[in-house]
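Just so it is clear, none of the values below were taken in a lab; they were calculated from the coordinates. What you are looking at is a predicted structure, and each value in this text was computed from that prediction instead of being measured. Because the Cβ atoms are built from the backbone with ideal geometry, glycine has one as well, and the counts that use them run over all protein chains shown.
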Amino acid sequence: AQSVTQPDIHITVSEGASLELRCNYSYGATPYLFWYVQSPGQGLQLLLKYFSGDTLVQGIKGFEAEFKRSQSSFNLRKPSVHWSDAAEYFCAACTHSGGGADGLTFGKGTHLIIQP
Amino acid sequence: DTGVSQNPRHKITKRGQNVTFRCDPISEHNRLYWYRQTLGQGPEFLTYFQNEAQLEKSRLLSDRFSAERPKGSFSTLEIQRTEQGDSAMYLCASSGQDTHNEQFFGPGTRLTVL
């Protein structure tokens, strides 16, 4: 079955430190990959996406993610976190065939806590 | 363009009652999705429309759930005979044609079943 795994339920990082959130996927073929952020009381906001091509993708708010086919991973990174980055982060994936669209499969999320 | 909107934002109902939620997608988007998110979990896909056609339904969508998109614009999700287990955040998303399924989400409707 297709699945997305985020191994870390909670991560605590000091403000100004670097961040890496892990995401692994299990699909028959390379899916489309996404990272979303959800702040309390807010909707899901798309941070970045990978479809094909360059394996290092840049997103909004200073985030980037690297696709590694050999590891079936799509980890999210940020060189220096800000207190406002505290939120829930979701990795998501979907198949793509014949130009059709599919519902996204989400991981369970990683809760990011920023220490002052 | 104001993004995806959902109404109501909150709904409290008693077990056994019917509820209906509305989603207005981004105007030029022809694809519309419904998801359910429970506490501490990621969103789970429920169903998908392309224009007015419902093309995919998850096994999570029991026969008490029905979704419509009559004119290919807004969509409604109805839950009949609500149960306490239906308490969740119901999210709507939309995407355009040829956008690699890049979905934009609304703020959600939080349902509490007493």
Worksheet entry | Radius of gyration and maximum dimension Dmax of region A:56-116, Cα, Å | 14.0, 48
Worksheet entry | Selected from B:L32, B:L91, B:L60 as most flexible by GNM, with chain B as the system and alpha-carbon contacts under 10 Å | B:L60
Response to the item:
Surrounding charge for B:S58, neighbours by C-beta under 10 angstrom, Lys/Arg +1, Asp/Glu -1, total +1
Fill in: Among A:H111, A:G16, A:G28 - extreme Cα towards positive end, dipole of chain A, charges at beta-carbon
A:G28
Discussion item. Is there a quick way to get the dipole size of the protein assembly as shown? I mean about its Cα centre, with the Cβ of Lys and Arg at +1 and of Asp and Glu at -1; what is the value in debye to the nearest 20?
Written reply: 600
Discussion item. Report for chain A the percent antiparallel among DSSP-assigned beta bridges with both residues inside it, nearest 5.
Written reply: 85
Item to complete: Can you tell me the dipole magnitude for chain A around its Cα centre, using point charges on the Cβ only (Lys, Arg +1; Asp, Glu -1), in Debye to the nearest 20?
Response: 160
Worksheet item: Taking the Cα atoms of the protein assembly as shown alone, what are Rg (to one decimal) and Dmax (as a whole number) in Å?
Response: 17.6, 51
Worksheet item: Gaussian network model of chain B, Cα springs within a sub-10 Å range: biggest mean-square fluctuation belongs to which of B:D63, B:D24, B:D86?
Response: B:D63
Item to complete: Would you tell me the mean number of C-beta atoms belonging to other protein chains that fall within 10 Å of each C-beta in A:25-36, as a whole number?
Response: 1
Practice prompt. May I have the convex hull volume per residue, in Å³, for the Cα set of chain A?
Written response: 106
Discussion item. Which residues among region B:4-23 fall inside the zone where the amide N is under 14 Å from a point 7 Å beyond the Cα of B:R81, along Cα→Cβ?
Written reply: B:15-19
Item to complete: Let me know the Kirkwood hydrodynamic radius for region B:2-45, please, with Cα pairs as the basis and the value in Å to one decimal.
Response: 12.7
Worksheet item: A:L56: net charge of surrounding residues, Cβ under 12 Å, Lys/Arg +1, Asp/Glu -1, itself excluded?
Response: -1
Worksheet, complete the sentence: Excluding residues fewer than 8 positions from A:K49 in its own chain, the aspartates and glutamates with Cα under 12 Å of it are A:E64, A:E66, B:E102
Item to complete: About the Cα centre of chain B, how large is the charge dipole given +1 on each Lys and Arg Cβ and -1 on each Asp and Glu Cβ? Please answer in debye to the nearest 20.
Response: 580
Worksheet item: Of A:G53, A:Q38, B:N7, which is farthest on the positive side of the dipole of the protein assembly as shown, counting Cα position, with +1 on Lys and Arg Cβ, -1 on Asp and Glu Cβ, and the Cα centre as origin?
Response: B:N7
Worksheet entry | Coarse-grained scattering of chain B at q = 0.15 Å⁻¹, given as base-10 log I(q)/I(0) from a Debye sum over alpha-carbon atoms | -0.59
Worksheet, complete the sentence: Surrounding charge for A:P116, neighbours by C-beta under 15 angstrom, Lys/Arg +1, Asp/Glu -1, total -2
